[in-house]
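Just so it is clear, none of the values below were taken in a lab; they were calculated from the coordinates. It should be emphasised that the depicted structure is a prediction, and the values quoted were computed from it without experimental measurement. Cβ coordinates were reconstructed from backbone atoms using ideal geometry, including for glycine residues, and neighbour counts include every protein chain displayed.
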């Protein structure tokens, strides 16, 4: 992973404010305990937890495995979907016979759920693995989708059900009563920071991904972001750059990913930023309506959709470009069939995309638009793990700089209360 | 389709400014000509064009048809993807044997393109239909993907290739030279306004959708938006509401779709708003950096991701909620397996989602957040056609109110020039 930034960035004052939190994170990893919300940074270093995940994964693995059904929403599925789609899901439609596949059951959509249930009923329990993930254990959508799934499969599939939840939650208790397998999440770790807990690791290992490489990437990002010196500390650099823009009123952060397989990674980051930093009140209780609005753009698609706005529209955005060059090479014939764009003849697909990417950055530079850049060293578990930990630490830093609590979500209660009122009438 | 708005909206001044454009649009449809950019409103009324599309669709239809490969990007595929995903694509992974499927080849991604080419090579030409869509005829990504596809299939498939482009474009000429079928797009109609031209209609008809119902919905939306009186004119109402917010500095428009199958419809709208209204200069040439930043949220997923920001964060957003109740009914058992959320027992999936939807709107109301609502009468070709035409007219109205040209995209040239420089070295 490389991090590039053109402008000189970061005030000394901002940097100084981050030193105590860097020390705090370092101390958490040293102490190996889960006592504060920031303890999510410990997860990649928690070998005991990872061993338990791997052991259960092996216990439940069958040569017949075709579908992993992940029932969960928000923090309980976005991290898995980010990694899965980057490495396999983006190609699923083109590879009908590549198994196992993960099927995501998140929101409530009767047509979709009905088709999932039909698919499940046409498979034997050994071909399936059902994961019910809800930290609180009382997420409405997850409860509904779990009920539908369990009713469709019957008790024969009970040995193929794993609940991932907080210890002693309603789901934990119910799963225990029914003899389902259970993996627990450290209570202090919030859903959007939980991808390196069993919430992320278990679905990924049973779908065949290398969770050791994934956590190795995270460990590397953590070491990198616990250095107290710029410019080696990417997370500190990007947090200070985003904060500097924020203070100037630039409060939309566009993550512009030049690889469509990374769109779900963008959606994972979108939750992390929106839910962590969008806060009505600051730490001292005053109304601040803080928040960075995250947007996700995909290159080159959104050059044909959003870029007129980005280049010409309001100066209210800061951009992080992400390029993730592919290993696969594909060459355009040098004798073109339809010579409509002669200059692509004989080039590789990657070369043409790279020219578009560099052209886009040049346009941003010439318009003076604030931007930075992350370059993946290929799309792999390790690089995804690096990116995700980097972004979680960046978000913790930003919470500190904005003076808000990055770990709660008080406003969400409002719609939940209203929903419960309606549901209980 | 129902349109609901809670606040009193729209200044008389704004309304008066829209009367001439309403008259202009009505005159275009009466005259049945394509002479000005706004002539896109004529497309659903153009029976000659639709007949040609249907005829070619029938000519090329085979009982063996499995895959339609749509090679196109931006305005050349977003409209088709919007309709396809809403009605079928969202379920494609769950229905391996449901054909024909549309495969979209838009950006440059070697791994994905390689897998598409493998899929194509394992099918006979009669199972495939290749559509190359580019208005200008010189879109780089489309040229590259077309070359790769044609090289993989060889001349045996030439009878199964259709080019959709402007008359006399480079693609038009090359397709003519090779004897491909050609459908043309009226030159004055821009890509983002072209969904009711052959760009949208041809791929949809060959994939089995009812394009008559689709254009019927559009006609209805047009009649509805050519009434000079509020509140019957939904497009005028929503344009005035968005404009009023814009003038107050509220420049993010969130389209919050409570049906995940509509996500691609959101992306189609995102292009329409961003590219039409994001402009550096106003009609009189002064620098205004105008633009509404469109965002797309999906209910209920983004309640678990974005809503803390929306309810507690910066007051810089206006929201259009879209609900699209499903016909399919699915009931949760009254005897729950895991009684974690007891109040869902015996309810239908739709009822629970509806409670969440109403709960969300109640939360927005109690926070005083500006919002409006569109209610689909089910997800169908007709309702999608209504929505799309409604939104295109709304965007034309907003261009008028903002005093900018909604039909060009001058800033995009900047990155294209830079890219060409790199590609030609």
Residue among A:253, A:98, A:158 with the largest mean-square fluctuation in a Gaussian network model of chain A, springs linking Cα atoms under 10 Å: A:98
Segment A:35-209, Rg to Rh (Cα coordinates; Rh as Kirkwood inverse mean 1/r): 0.94
Over segment B:74-124: Rg over Rh, Cα atoms, Kirkwood Rh: 0.98
Interatomic Cα distance distribution for segment A:180-285, bins of 10 angstrom, percent: 11, 31, 40, 15, 3, 0
FRET efficiency, 1/(1 + (r/R0)^6) with R0 60 Å, evaluated for residue B:55 and residue A:24 via beta carbons: 0.30
Sorted by Cβ density within 10 Å, fewest first, the residues A:76, B:323: B:323, A:76
For chain A, built as a Gaussian network whose Cα springs stay under 10 Å, the top-fluctuating residue of A:311, A:56, A:414: A:414
Sites residue B:124 and residue B:210 - FRET efficiency at Förster radius 22 Å, r taken between beta-carbons, to 0.05: 0.20
Relative contact order (%) - criterion: Cα under 8 Å, at least six apart; region: segment A:35-209: 33 percent
Average other protein chain Cβ within 10 Å of Cβ, residues A:289-295: 6
Average beta-carbon neighbours from other chains, 10 Å sphere, peptide A:265-278: 4
Directionally averaged shadow of segment B:137-225, computed from the convex hull of its alpha-carbon atoms, nm²: 6.7 nm²
Whether the protein assembly as shown is rounded, prolate or oblate, judged on the alpha carbon gyration tensor where a/c under 1.5 counts as rounded: rounded
DSSP beta bridges in chain A [antiparallel fraction, %, rounded to 5]: 15 percent
Relative counts (whole %) of C-alpha pair distances in segment A:268-425, using bins that are 10 Å wide: 8, 26, 28, 21, 10, 5, 1
Inter-site label distance for residue B:366 and residue A:424 at 7 Å from Cα along Cβ, in nm: 1.3 nm
Alpha-carbon centroid distance for the pair segment B:271-346 / segment A:1-78, whole angstrom: 28 Å
Shape of segment B:100-172, Cα gyration tensor, a/c cut at 1.5: oblate
Most mobile listed residue (A:124, A:300, A:334) in chain A, GNM with C-alpha springs under 10 Å: A:334
Peptide-level mean, for A:71-83, of C-beta atoms on other protein chains within 10 Å: 2
Contact order normalised by residue count of chain B, Cα under 8 Å, 6+ apart, percent: 21 percent
Ascending list, in nanometres, of distances separating the residue B:187 label from those of the other copies (7 Å, Cα toward Cβ): 7.2
Residue exposure sequence - B:268, B:172 - by fewest surrounding Cβ within 10 Å: B:172, B:268
Three-way shape call for chain B based on the alpha-carbon gyration tensor, with the a/c threshold at 1.5: oblate
Copy-to-copy label separations for residue B:286, where each label sits 7 Å from Cα toward Cβ, in nm and ascending: 3.6
Order of B:279, A:115 - criterion: other Cβ atoms within 10 Å of each residue's Cβ, fewest first: A:115, B:279
Ascending list, in nanometres, of distances separating the residue A:31 label from those of the other copies (7 Å, Cα toward Cβ): 7.6
Semi-axes of the equivalent ellipsoid for segment B:208-260, Cα gyration tensor, largest first, Å: 26, 18, 7
